[in-house]
Each structure stands twice: as C-alpha cells, then as structure tokens.
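Each remark here refers to the structure printed beneath this line.
The values are calculated or read from the model by the stated rules, or taken from the named source; none is laboratory data. Being a predicted model, the structure only gives us computed values, none of them experimental. No Cβ is skipped: glycine too gets one built from the backbone with ideal geometry, and neighbour counts run over all protein chains shown. Protein only, heavy atoms only, side chains kept; ligands, DNA and RNA dropped before computing areas. Shrake-Rupley method; radii C 1.70, N 1.55, O 1.52, S 1.80 Å.
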Amino acid sequence: MFRFLLSRQWVILTLVAVALVPTMIELGFWQLHRHERRVELNGVIADSLAAKPVPAESLTSPGAEVKDADRYRRVTATGRFDTAREVVVRRRVNADEKVGFHVLTPFVLTDGKVLLVNRGWIPANGAQTEFPEIPAPPKGEITVTGRLMPDETTAKSGIKDREGLPDRQVMLISSEQAERRLGEPVLGGYVELVSPEPRGETPQLIPAPSHDEIGAHLAYAVQWWLFAAGVPVGWTVLVRRELRERREAARAEPAQAEPAGV
C-alpha cells in the first residue's frame, strides 16, 4: 500500500520536506544568535553609559578604529569648535522620524588634533542642496562630553556614500574622509554630543541608545523550530490520508465490479 510513495509527486514532496527541516533549524539558530548578539550589545551599552567619562584620546587616536567595547563610552575633550569647517550629514531622522541633517563640527583639541563632534539634528527646512542655518556652539575653549562612536561605513550602516554632493554636505561620518578634507590629524571615530547642551531648540541632541529592548529574535527562533517539527508531522498526516483514501477506494472496487443480478 505504500508503493505510492515512489511516485514522482510523493518523491518530490518528500525531498522538499527533507530539505526544509535542516533549513528551518538553521534559521532558528540564526535568530538565536541575533538574540544573543542583541543581549551582548545591550550589556556593552549599559556598561558604557554607566562608566565615568574618560579623555577621548585615551580610547582613540588618529587613524584608529573604535573598539566595540568602547562604543557609547562617554569621553571628554577640551578645545574649541571650528564652525568654519562644519559640515552636515544628509538624510538623518530625529526621534519623530522627521528628515533633516546631523551637524558635524570639528573640535580642535589643545594639542592640535581634531575630534569630530556630532552636535545633533536640525530640520531640513530649505532645499536639500543648500547649507542650512545652524545655531552656533559656545565660543572659545570649552570641555565637551559625548558618546564615542565608530566611523560609519556603507557595510555597517547600509548608507551608500556618494560623490558630487552639495558643498559642505556628506553622507557618512568618517574620520578618514574628514582628515583628507581638513588636512589635519583626526581622531578615529566621532562623538555624539552630550554636554554642553544647545541653548535653543536646535540642534537636537541625539538621545542615548536604548539598552533594554531585545527584539523578537528569540520568538522567531522558536517559531522556526516549531515549523521544522511541523514538517514531518504534516508529511505523516498527508501520508495517512493518502493511505486511507486508497484503502477506501480498494474496498469500493469489488462492490462496483459485482454483477447487478447477483
């Protein structure tokens, strides 16, 4: 009665089922790894935000890459803002999902090196090709505090870099690009300004990252594993139904073949 399993239809169905099970199991582990990565990142963020600020130059230097363990670490630096060489980062959104710019201002340290400071978000009220009006930061020598961030790249951010942009506009925050543009040594990475806060409504400081959300990756992992377990169950149900229908058809055949006068 099980010879029907050798038919083309059932062979294809069985092969598909056999292929789906390991695929779904692997997808479950992929989601589990994403969950574990998120939990690990939340721990790094929480530790970085809770740690006392340290001098920026103790964690980064010209040409250096900011370590994952130092991401969001609060750092301090003393110097002055160089607004004459300030640029804006295109297509950035604030907490209300409004599109605008991030204000990226070189901060010249007392030793002559430059630290890139993201002073926050401003709305794009005019044409995207025009340099927006930006409230000035404090003048003279000051000490700033900010969250240390690694350089942005297309691979990490998903944002494609572009050439031929309007004057003083960039797509990505890159200390390497800034060093070529400024002609001075620039510390690797950049900082999101925490203090001093702007005097007016803009630039809007970038809020601290959330570190208590873990997402639905664990639930997705469980779902994939349930799907994997359901494949052989579903295959068994289909086989039993096919077998039952064939048995019923076999019992009905003698009755249909019996002569009417008998």
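Couple of notes before you dig in:
- Lone unmet requirement of (1) of a type in the set (D, E, K, R); (2) surrounded by 14 or more Cβ atoms within 10 Å (Cβ to Cβ); (3) more than 22 Å from P203 (Cα to Cα) for R37: (2)
- Contact map, the range 223-240: residues that are more than 19 Å from L32 (Cβ to Cβ) and surrounded by 15 or more Cβ atoms within 10 Å (Cβ to Cβ) paired with residues that are at pLDDT 95 or above and polar (S, T, N, Q), Cβ distance under 8 Å, separation 6+ or inter-chain. No pairs are found.
- Residue match in the range 94-110 (condition: open to solvent by 10 Å² or more (accessible area, probe 1.4 Å), touching a Ser or Thr at 6+ places or on another chain (Cβ under 6 Å) and closer than 18 Å to G189 by Cα): no
- Filtering E197, E248, E184, E201 for residues that are acidic (D, E) and surrounded by 13 or more Cβ atoms within 10 Å (Cβ to Cβ) leaves a single hit, E184.
- Contact map, the range 1-29: residues that are over 27 Å from A249 (Cα atoms) and part of a helix (DSSP H, G or I) paired with residues that are open to solvent by 50 Å² or more (accessible area, probe 1.4 Å) and small (G, A, S), Cβ distance under 9 Å, separation 6+ or inter-chain. Pairs shown: V21/A229; M24/A229.
- Residue in the range 143-153 that is touching a Leu at 6+ places or on another chain (Cβ under 9 Å) and of a type in the set (S, T, Y) present: yes
- When T60 is tested against (1) farther than 22 Å from L205 by Cα; (2) open to solvent by less than 30 Å² (accessible area, probe 1.4 Å); (3) at pLDDT below 95, just one condition goes unmet, and that condition is (3).
- Residue identified as open to solvent by 60 Å² or more (accessible area, probe 1.4 Å), within 30 Å of W10 (Cβ to Cβ) and either at pLDDT 80 or above or among the aliphatic types (A, V, I, L, M) (or both) among A255, A260: A255
- Sole exception among (1) outside any strand (DSSP E or B); (2) of a type outside the set (A, V, I, L, M); (3) open to solvent by less than 80 Å² (accessible area, probe 1.4 Å) for K156, by number: (3)
- Residues in the range 72-89 that are of a type in the set (D, E) and under 28 Å from the mean Cα position of the chain (by Cα): E86 only.
- Residues that are more than 41 Å from the chain's Cα centre (by Cα) and open to solvent by 50 Å² or more (accessible area, probe 1.4 Å) within the range 1-27 comprise M1, F2, R3, L6, R8, Q9, V11, listed in sequence order.
- Among the residues making up the range 34-59, those that are among the charged types (D, E, K, R) and part of a helix (DSSP H, G or I) are R34, E36, R37, R38, E40, D47, E57.
- Of all the residues in the range 126-153, those that are within 28 Å of E57 (Cα to Cα), open to solvent by less than 60 Å² (accessible area, probe 1.4 Å) and part of a loop (DSSP other than H, G, I, E, B) number 9.
- I214 falls short on exactly one of the conditions (1) at pLDDT 95 or above; (2) open to solvent by 70 Å² or more (accessible area, probe 1.4 Å), and that condition is (1).
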